[in-house]
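Below is one structure, written out as structure tokens; the observations come after it.
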């Protein structure tokens, strides 16, 4: 069984930044993820607020970050982590693939979040075949067609701007109003092929063999409406990817890791970083900040055990 100073679970911006800082602190570092490095930014068409880069494709930024980790010598492996056992001065990481196990003096959990579902009729039926959670992945197939976006936050508005440039008609259905960055909202509302339906609850996705439309109801007067569409993209928030370590007692009622200002959890040697932590602002830049702080704290912890 291989032993590392630091194992990082999750290779989004927080995890990759932690790997960079960990290696530079002379720690042996292993980065684990069941998916391609990048986390949520891989599915983001364009990021405009990452300092120093200007507008940049999410996938391009992810590749650049990952290449940086590899240039410095951080190890990476595609593994599905299923459990973490606290053994005191070391942690045992268990993986699904071949029942692989690793030992680490310190662990940073940077598992991030995943899209939340509505849970309404028709959603499961058309998931992956009419309903998507990634415009950059699936948007091109709806070129010249009618599309609906569910949600009004930053992700919904940013991806709507991307979709509006290729579809015939775009309907945005949101429970409240548009709550994203005002500049982006203003830009979206000026587009001729975009209609916003605020204060609506989605009731169901309709269709027999294929998706045909969305039925929704006003939260103000109860009136029902319907829009025909060929595809739907949902952006109604995220949920924490923490089910496999929830029994450690380090998460809140929402499944987010509770950390202090040094990214420490209540268990010595286990740290949190990025969107998985309980915080108010989830952005690429804040995830990177978390990763740097977590790696610095992990380095101090590892060194304290060697003293």
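So what is the calculated 222 nm ellipticity per residue for the chain, using -39500 (n - 2.57) for each DSSP H run with n of 4 or more, over all residues, to the nearest 500 deg cm²/dmol?
-7500 deg cm²/dmol
How many angstrom lie between the C-alpha centres of region 138-210 and region 1-79?
Taking the Cα centre of each part, region 138-210 and region 1-79 sit 31 Å apart.
Could you calculate the FRET efficiency of residue 285 with residue 209 from 1/(1 + (r/R0)^6), where r is the beta carbon distance between them and R0 is 35 Å, rounded to 0.05?
0.20
Calculate the tail of P(r) for region 123-234: the fraction of all Cα-Cα distances greater than 24 Å, expressed in %.
17
Considering only region 123-234, what is the antiparallel percent among its DSSP beta bridges, to the nearest 5?
Of those bridges, close to 40 percent are antiparallel.
Can you give me the angle between helix 58-72 and the longest principal axis of the chain, using Cα atoms only, in degrees from 0 to 90, rounded to the nearest 10?
Between the helix axis and the principal axis of the chain, the angle is about 10 degrees.
When DSSP beta bridges are limited to those with both residues in the chain, what percentage is antiparallel, rounded to the nearest 5?
45
Defining a contact as two alpha carbons under 8 Å apart and six or more residues distant in sequence, what relative contact order in percent does the chain show?
After rounding, I find 21 percent.
Before anything else, pin down the relative contact order of region 123-234: Cα pairs under 8 Å, at least 6 apart, normalised by residue count, whole percent.
Result for region 123-234 is 31 percent.
How high is the FRET efficiency from residue 300 to residue 176, r the C-beta distance, R0 45 Å, rounded to 0.05?
Computed FRET efficiency for residue 300 and residue 176: 0.55.
Helix 13-24 sits at what angle to the longest principal axis of the chain, using alpha carbons and giving 0 to 90 degrees rounded to 10?
20
Expected output is a single nm value to one decimal: the length gained when fully extending between residue 63 and residue 127, i.e. 0.36 nm times separation in residues minus the C-alpha distance. What is it?
Between residue 63 and residue 127, full extension yields an extra 20.3 nm.
If I take R0 = 51 Å and measure r between the Cβ atoms of residue 307 and residue 184 in this structure, what FRET efficiency does the formula 1/(1 + (r/R0)^6) give, to the nearest 0.05?
According to the calculation, E is roughly 0.55.
Going highest first, how would you order 119-126, 14-21 by mean Cβ packing within 10 Å?
14-21, 119-126
Taking the chain as the reference, fit the longest principal axis to its C-alpha atoms, fit the long axis of helix 284-306 to the helix C-alpha atoms, and give the angle between the two in degrees, 0 to 90, nearest 10.
Roughly 20 degrees, rounded to the nearest 10.
Normalised by the number of residues in region 235-307, what is the relative contact order in percent for Cα pairs under 8 Å and 6+ residues apart?
24
Any idea what log10 I(q)/I(0) is at q = 0.10 Å⁻¹ for region 8-128, Debye with uniform C-alpha scatterers and no solvent?
These q points yield log10 I(q)/I(0) values of -0.38.
Against the empirical 2.2 N^0.38 Å scaling, what ratio does the C-alpha Rg of region 161-207 come to?
Dividing the Cα Rg of region 161-207 by 2.2 N^0.38 Å gives 1.22.
What percentages, rounded to whole numbers, describe P(r) for region 38-109 computed over all alpha carbon pairs with 5 Å bin width beginning at zero?
3, 13, 17, 16, 16, 15, 9, 8, 2
Taking the alpha-carbon centroid of each part, what is the distance from region 245-287 to region 115-135 in angstrom?
Here the two parts' Cα centres lie 28 Å apart.
Rank-order 167-180, 47-60 by packing density, defined as the average count of other C-beta atoms within 10 Å over each peptide's residues, highest first.
167-180, 47-60
Throughout, read-outs are computed from the coordinates displayed, never taken from laboratory work. Since we're looking at a predicted model, the values are computed, not measured. Note that we place each Cβ from the backbone using ideal geometry, even for glycine, and neighbour counts take in every protein chain shown.
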